[in-house]
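These notes concern the structure reproduced below.
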Amino acid sequence: MDNMISRLIERRFGDALKKEVSFFLLGPRQTGKTTTLTKIFSSIDHFALNLMETKERLKYERNPSLLSEEVSASGKKHVFIDEIQKVPVVLDDIQVLIDREKKVFALTGSSARKLRRKDVNLLPGRTLQFRMDPLVYPEYVDIFPITTSTDLKRILKYGELPGILTLVADSREELAGEILASYVVTYLEEEIRAEALVRNLGAFAKFLKLAAECSGGFVSMRSMAQDIGVNHATVSGHFQVLEDTLVAERVEPLLPVGERGKLRKTAKYVLFDTGARNAATEVLGAAEFTSEYWGKLFEQWVGLSLLRLMRARGTGGKLRYWRDYAGREVDWVIDLGDRWLPVEVKWGENLRSKDIRHLDHFVRTYERKVPTGYIVFSGQRDRKISDRILALSFRDFLERIFPAEDS
């Protein structure tokens, strides 16, 4: 069933290839990078290489120039290389192939860590860079329409990795949970141990569980360091590992000019998928979550959905949050430069005046840059709260905030 899912970002890949522009496609494991590009390249005569295969990887590590020789000899214009971060040294030869032979490359990777080293050639001025995320609702609405709160809870619990979601759509939740648990272990083994990113894997495993529990909230790195038994700098470094391996999103605060002293300036970290978060916190076996926990998952899901849709469409802008030292907070703010779209998230079908007061304060305070404020809730029907605040159902909030004609 996962082969039936078309990704919104596919159009951008197709446009790049038509214009003969090479690109990087980065994203966490199992988000569909290989599946999507394999489909796109199925109608293109191309040279393909998977550097996850040990035999292939060792061959090019020993002799990086071999890639250039093979691609040139193939006579093919288009080249698709999976997991380029495994052998980043070949990027120098890829640059030559792009410049001299006008080859067009599609390069995927599940970790940006090795690609960010000072000695790695990221082909500046020659490539585009895209990000592949887990699915976003418009991509899977035909196979798993979220029509009830029960449907929503299944998505929040198991997440939106393509393979996992198709299992849930087929009512195979037990297997989905087992695979998600394995996913976390595989991440530790293949991304962390294999690349020697941390010295103490046991301490990192404890950190990962705590980071998942804190996902979307404010983190006290010193407190976390004490709980794990490491120093503050180590915890900070671990969060950088999560970012570099594309497992966590760093969300910066919105800091309007002249108000830095009034607002919280600490970044938040959000794990890239609610199912992966639940697996890392070891709660997938629970028959039911508390209302508070559902609320945290729902807030994370709304933020990730907004971020994924912006990336897939190439909308631009940044996802941020806002909080002042008086305790007023807006969960997500879409920063489009010339305008801000604040989004408050509430778990529950009923809205009370206190649920809206922080959003209302934000809208009134920054009225020149805020056309509309939104509150996304788990009710079934949209509501107009005031002339400038809309309450949107979980079912259609993406379409209301980002109408299709804006894509």
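The values are calculated or read from the model by the stated rules, or taken from the named source; none is laboratory data. Remember, it's a predicted structure, so these values are computed and weren't measured experimentally. Neighbour counts run over all protein chains shown; Cβ positions are idealised from the backbone, glycine included. Heads up: the accessible areas ignore ligands, DNA and RNA and are worked out on the full protein's heavy atoms, side chains in. Shrake-Rupley method; radii C 1.70, N 1.55, O 1.52, S 1.80 Å.
A few remarks follow.
- Principal axis extents of the C-alpha atoms in segment 331-373 (largest first, rounded to whole Å): 32, 16, 12.
- Distance cut-off 33 Å, percentage of C-alpha pairs in the chain lying past it: 36
- Spin-label model distance (nm) - Q226 vs R62, 7 Å beyond Cα toward Cβ: 5.4
- For A287 and T38, a Förster radius of 35 Å and the Cβ-Cβ distance give a FRET efficiency of 0.35, rounded to the nearest 0.05.
- Within segment 19-51: backbone nitrogen closer than 18 Å to the E70 label point (7 Å, Cα to C-beta): 38, 45-51
- Principal-axis analysis of the Cα atoms of the chain puts helix 65-74 at an angle of about 80° to the longest axis.
- Lys/Arg +1, Asp/Glu -1 at C-beta; segment 193-244 dipole; positive extreme among S215, F239, A225: A225
- Semi-axes of the equivalent ellipsoid for segment 228-291, Cα gyration tensor, largest first, Å: 28, 18, 12
- Size estimate for segment 1-125 follows the Kirkwood approach: the inverse of mean 1/r over distinct Cα pairs works out to 15.0 Å.
- Amide hydrogen neighbours beyond the local backbone of W340, cut-off 5 Å, H modeled: V370
- Between the residues F377, A176, G125, the greatest Cα displacement towards the positive end of the dipole of the chain, with unit charges on the Cβ of Lys, Arg, Asp and Glu, is found for G125.
- Tail weight of P(r) past 21 Å, computed on alpha-carbon pairs of segment 271-350, percent: 39
- The percentage of C-alpha pairs in segment 269-407 whose separation is greater than 27 Å is 20%.
- In nm, spacing of pseudo-spin labels at E174 and R11 (7 Å Cα→C-beta vector): 4.2
- Convex hull per residue volume in Å³, alpha carbons only, for segment 193-329: 146
- Estimated from helical segments only, the mean residue ellipticity of the chain at 222 nm is -12000 deg cm²/dmol, where each DSSP H run of four or more residues counts as -39500 (n - 2.57).
- On segment 190-323, 47 percent of the accessible area sits on carbon and sulfur atoms, based on a 1.4 Å probe.
- Rounded to the nearest 20 debye, dipole of segment 1-100 from Cβ charges on Lys, Arg, Asp, Glu: 280
- Distance in nm between pseudo-label sites at R260 and K318 (7 Å out along the Cβ direction from Cα): 1.3
- Under 5 Å between amide hydrogens, built in the peptide plane, is the criterion, and for I375 it picks out E344, L390, A391, L392 among residues at least 5 positions away or on other chains.
- Label zone at Q129 (point 7 Å along Cα-to-Cβ), backbone N below 14 Å, segment 86-109: 107-109
- The stretch between T150 and R339, if pulled fully straight at 0.36 nm per residue, gains 64.5 nm over its current Cα-Cα span.
- The Stokes-Einstein estimate for segment 357-407, based on a Kirkwood radius over Cα pairs and taken at 37 °C with 0.692 mPa s viscosity, is a diffusion coefficient of 283 µm²/s.
- Segment 287-390 - charge dipole about Cα centre, Lys and Arg +1 at Cβ, Asp and Glu -1, debye rounded to 20: 340
- Per residue accessible area of segment 303-370, 1.4 Å probe, in Å²: 46
- Sites D142 and L201 - FRET efficiency at Förster radius 35 Å, r taken between beta-carbons, to 0.05: 0.30
- Backbone HN-Hα couplings from phi across segment 101-109 [Karplus 6.51/-1.76/1.60, Hz, Gly and Pro as x]: 10, 6, 6, 10, 10, 10, 10, 9, x
- Only beta bridges with both residues in the chain are counted; by DSSP, about 40 percent of them are antiparallel.
- Taking the longest Cα principal axis of the chain as reference, the axis of helix 149-158 is set at about 40 degrees.
- If only the Cβ of Lys and Arg carry +1 and only the Cβ of Asp and Glu carry -1, the dipole of the chain around its Cα centre is close to 1200 debye.
- Crossing angle, helix 232-244 versus the chain [Cα axis fit, 0-90 degrees, rounded to tens]: 70
- Candidates E349, E299, E252, ranked by Gaussian network fluctuation over the chain, Cα under 10 Å, top entry: E349
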